[in-house]
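The values are calculated or read from the model by the stated rules, or taken from the named source; none is laboratory data. These numbers were taken from a predicted model, which means no experiment stands behind them. No Cβ is skipped: glycine too gets one built from the backbone with ideal geometry, and neighbour counts run over all protein chains shown.
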Amino acid sequence: MTHEIVMAGFGGQGVLLVGQLLAYAGMLEEKQVSWMPSYGPEMRGGTANCSVIISEEPIGAPIIAEPTAVVAMNLPSMDKFAPSIKTGGVLIINSSLISTEPNRKDLVIYKVPANEIANEIGNSKVANMVILGAVIAATDAVTVDGAIKAFQKKFASKPKMFTVNEQAIRRGMECVINAGK
């Protein structure tokens, strides 16, 4: 199966890192991957998104017209990308920042309170890892072990970060699983 995932939010939320880790995990699992970032010149506080394709088959182009899944970390991202999701696709919204209901009724929608979960864990910076866990559980694009291994390789020089980030990933997965995947 080919997973075409768009992750979007504002700069500083870590959406590009989530995309990198998904692509890296796919690579470690010997899948074909593509990661294409897009962000404004203002970075932190401006808009940021990335497209990730993970497939068992060769990928022809990194462009995604109709994603199979979208992650919206803020309302402008949901408004921009939710209309393009394939029918039956997945929409994961950060319900900590989005209270508006999506207009689509033909999607599987997961509301993940990423910021609240990150605060419960004790580190507000891991909201993006909560979302990574939600993406893993909602799409099965990569395994949790692959994502954790990708995180550990990317941040090998910062081993103190491993435990809290792994906890955040697993909490994000639980949120989707408990929602009745």
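Things worth noting here:
- Selected residue (criterion: farthest from Q13 (Cα to Cα)) from residues of the stretch 126-154 that are surrounded by fewer than 24 Cβ atoms within 10 Å (Cβ to Cβ) and small (G, A, S): G146
- Test: residue in the stretch 76-92 that is part of a helix (DSSP H, G or I), more than 15 Å from the chain's Cα centre (by Cα) and of a type in the set (D, E): yes
- Pair list, Cβ < 7 Å and 6+ apart or interchain, from the stretch 56-72 residues that are closer than 14 Å to K31 by Cβ to residues that are of a type in the set (A, V, I, L, M) and surrounded by 18 or more Cβ atoms within 10 Å (Cβ to Cβ): I59/I53
- Residue match in the stretch 110-125 (condition: under 22 Å from L28 (Cβ atoms), surrounded by 23 or more Cβ atoms within 10 Å (Cβ to Cβ), in contact with a Gly (Cβ under 8 Å, 6 or more places away or on another chain) and of a type in the set (A, V, I, L, M)): no
- For the condition touching a residue at least 40 places away in the same chain (Cβ under 8 Å), in contact with a helix residue (DSSP H, G or I) (Cβ under 9 Å, 6 or more places away or on another chain) and not in a loop (DSSP other than H, G, I, E, B), E174 qualifies.
- Residues that are without any contact (Cβ under 8 Å) to a residue 12 or more places away in the chain and touching a helix residue (DSSP H, G or I) at 6+ places or on another chain (Cβ under 7 Å), drawn from the stretch 73-83: none
- Apart from one condition, S34 fits all of (1) in a loop (DSSP other than H, G, I, E, B); (2) surrounded by 14 or more Cβ atoms within 10 Å (Cβ to Cβ); (3) without any contact (Cβ under 8 Å) to a residue 60 or more places away in the chain; (4) not β-branched (V, I, T); the exception is (1).
- Filter pass, K111 being modelled with pLDDT of 95 or more, in contact with a Ser or Thr (Cβ under 7 Å, 6 or more places away or on another chain), in a loop (DSSP other than H, G, I, E, B) and within 20 Å of M7 (Cβ to Cβ): no
- The selection criterion, being within 23 Å of T2 (Cβ to Cβ) and of a type in the set (K, R), holds for K86.
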